[in-house]
Structure formats: structure tokens, C-alpha cells
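Worksheet: one structure, shown below.
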């Protein structure tokens, strides 16, 4: 049996009805991500307890396979499921003090490193023969008597190297010694649907990630350029980013839109392309796609060096505003778990628009010209199975 505590933060501040709805959404998102990484829906049970969720998987595995599965699950949900502040793999036992001591000693003997300090933290709900402080002392004594001399351990209640935590509720207890941080925010699917413009740049990708953290379902719209002598190639970067957005999108079957951007930019002319023109085109095409459905906004990113010399573009649809989540921010200082995938500086390094943005002599296309190009733009919906 694998069991994992899932803690949440911001959604715990909501009113009881809203909180209940968000907890259900969070549990559903966890189920979807676990299914995407290979765990059968029928094997996963998620229950609410102590203002948190408990994931349980009853699958036959040896110790090595179990540890590998735990690492796989923890990595997937902490990096891709918004609303989670931290998780802990836990070991269940009874609230009997003998069982508590044995389980705690087994875990500490495995993970407590020599020449380190330790502490025991306990909390409980229900009627027991011991208080929380007494439980900390009793378990701490067992660890010290059994391991201290052999491993040169000492107690430090202020700033220990190793903390063993115990949570007791009625007849059951959970013991753990890890707390892995999540991405926080609110569960995806609680705040509408956002189209995320992806052009191969790190700013676009992080913008989509930040909107996902605020509870939005993200649908990528990719504007792809294949390699040529005139412009660079952004398809490799976009494909890497789509792998991430597949996991961020709480749908069993991932989907996104693909736009032939080469044809559009050829119509405009690369010599006339500027960042502002590129944004106008991408936003207008996103609005064209949005006519087939209801969306709550469009997000995209711009490097600080390109946005300071102009006014950000806006949507013609008042019900679907344009969001610039990274405006005036340094993407390198934004905490996100995708540094390997979100590494491109395509827009800065290879884009004609970036090079032309400060050239005052360039005459941008008129609104009618952009409208004509957008009307002729081709796009396709790409649906991928979970496999």
C-alpha cells in the first residue's frame, strides 16, 4: 500500500461550499495526472482528512518498485498539479504506542544519517493515553536509545537536521519524514479556460504556467516556424513545452491548436515584423479560434526589453482579456519546476520582430491588413491520446 499526504494552502481559505468544490477538483486533477503517468484509475483512492487529501494506491510491488512509484507520483503531482503546497509519503500504523514506536524506529533507522541532529513532532485528534508532547518524548527516547550511540546522533528541537513527524487520529497514525513542496496556487479548472500563446520563447511558456497556477485550464495555441534561411526554427522548443502543458492540462486527452505561422509572417513581411505586430497577429488569431468556444482570456509573454517601448496589446473581446503574467518580471527569477524545458530565448535570439521593434522607420501593417491576414490564417486542432 502506498499512501501520500497532499496539503493545500490557498483553497483552504475559501468558504465551505467553494472549498469543497475545489477539493473535489484537486482530487480529480490528481487522478488524471496519475493516469497519464501510468497508474490505473481503479487502483487510486483519494480521501479527505484533516484538511488535506490522502492518496492511496493498493498495488502489489516489492520494496524497490514501491519506492520508485512513490518518487514518480510525488514528482508528477508536485510539478504539475496546481493547488498543492506540499506532499509527504506516509506510513500508516495503529495509534497503539508500541506500534508507533516500532514504525517510527524503522523509518528513522533507514533515513536518519550519522552525525546529525533530530527531533520528533507530533499532533493528534481523538482520545488517547498520551498527549502530543508525551508522544514526542516517548518516540524520541526510542530513537535516541536505539540509534544515537551507533550513529553519533543528538537531539535538536530548534533546528534539527532530521524531523520525524507523527499525526494520530483516533485509531490510526501516520508517520513521515519528508515534505516535498508543490507549486501552490489553485487547482486547474476552478477559474475558467485560458488560451496560452506559444511561440517558442520562455516568456510565453512561463506565462501559461503562471495562469495555470491561478486555477485556469490552459489550452496552448502554437505558432510554429520551420527552419529556413529567413527565420529560425521554434518547433523543437514548442514540442518540449507541449510535453509540460500536457501534464498541466487536467484532461485525459491532451489537445492544442497549431497555427501555420510561416504563411502569416510571409504575408506581413519579415522586414516589417515587430513584437507589437506579432502580438496583434497572435491575439487576433486566438480570438478567431475562440469563436468556436467560450474562453476566459488569452495569455502571452514578452521580454522586459521588448515591452517597455510600447503599450501592451489588448483583446477586442471584453469577455476574454489579454494577460501578460511576466510583464516587468525576470523569468529567471520566477520559481517554476520546468527549467530544462523552458530554456529558450527564441524571441530574443532569432526573431526579426525583436530586432525591428526599436526601428522607428518601420511602418507597421494597418488594422485592415492584419484583419485580412488573420481571416486567411490556417489552424488545426491537435488531439493526442494519453499514450
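Readers should treat all values here as calculations from the given coordinates under stated rules, not as data from a laboratory. Everything quoted here is computed from the prediction, not taken from an experiment. Reconstructed Cβ throughout: ideal geometry from the backbone, glycine too, with neighbour counts over all protein chains shown.
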> Going highest first, how would you order 315-322, 216-223, 124-131 by mean Cβ packing within 10 Å?
Replying inline: 216-223, 315-322, 124-131
> Using the Cα atoms of region 13-57 to build a convex hull, what is its mean projected area in square nanometres?
Replying inline: 3.2 nm²
>> Eigenvalues of the Cα gyration tensor times 5, then square-rooted: what semi-axes does that give for region 1-157, in whole angstrom, largest first?
In response: 31, 20, 15
> For region 193-384, what Kirkwood radius comes out of the mean inverse Cα-Cα distance, in Å?
Replying inline: 16.6 Å
> Going by alpha carbons, how many degrees (0 to 90, nearest 10) lie between the helix axis of 16-36 and the longest principal axis of the chain?
Replying inline: 80 degrees
> Can you give me the Cα centroid spacing of region 90-105 and region 233-291 in angstrom?
Replying inline: 54 Å
> Which FRET efficiency, nearest 0.05, do residue 67 and residue 35 yield, Cβ-Cβ r, R0 25 Å?
Replying inline: 0.75
> For q = 0.17 Å⁻¹, what log10 I(q)/I(0) does region 130-277 give under the Debye formula with an equal point scatterer on each alpha carbon and no solvent?
Replying inline: -0.97
> What is the projected area of the convex hull of the Cα atoms of the chain, averaged over all directions, in nm²?
Replying inline: 22.9 nm²
>> Under the 0.36 nm per residue contour assumption, what length would be gained going from the current alpha-carbon distance of residue 178 and residue 150 to full extension?
In response: 7.8 nm
> How far apart, in nm, are two points set 7 Å out from the Cα along the Cα-to-Cβ line at residue 21 and at residue 99?
Replying inline: 3.9 nm
> To the nearest 10 degrees, how steeply does helix 63-80 sit against the main Cα axis of the chain, on a 0 to 90 scale?
Replying inline: 40 degrees
>> Give me the one-decimal nm value for the distance between modelled label points at residue 236 and residue 292, 7 Å along each residue's Cα-to-Cβ direction.
In response: 3.0 nm
> How much FRET efficiency would the formula 1/(1 + (r/R0)^6) give for residue 314 and residue 75, where r is the Cβ-Cβ distance and R0 is 35 Å, rounded to 0.05?
Replying inline: 0.35
>> Can you tell me the length gained on complete extension of the stretch residue 369 to residue 157, counting 0.36 nm per residue apart and subtracting the Cα distance?
In response: 69.4 nm
> Between residue 138 and residue 117, 0.36 nm times their residue separation minus their Cα-Cα distance comes to what?
Replying inline: 5.9 nm
> By how many degrees, 0 to 90 and rounded to 10, does the Cα axis of helix 202-213 deviate from the longest principal axis of the chain?
Replying inline: 50 degrees
>> Can you give me the Kirkwood hydrodynamic radius for region 66-123, using every pair of distinct Cα atoms, in Å to one decimal?
In response: 14.0 Å
> What's the exposure ranking of 157, 112, going from fewest to most Cβ atoms within 10 Å?
Replying inline: 157, 112
> For region 1-91, what is the convex hull volume of the alpha-carbon atoms per residue, in Å³?
Replying inline: 85 Å³
>> If you wrap a convex hull around the alpha carbons of region 95-179, what volume per residue comes out, as a whole number of Å³?
In response: 83 Å³
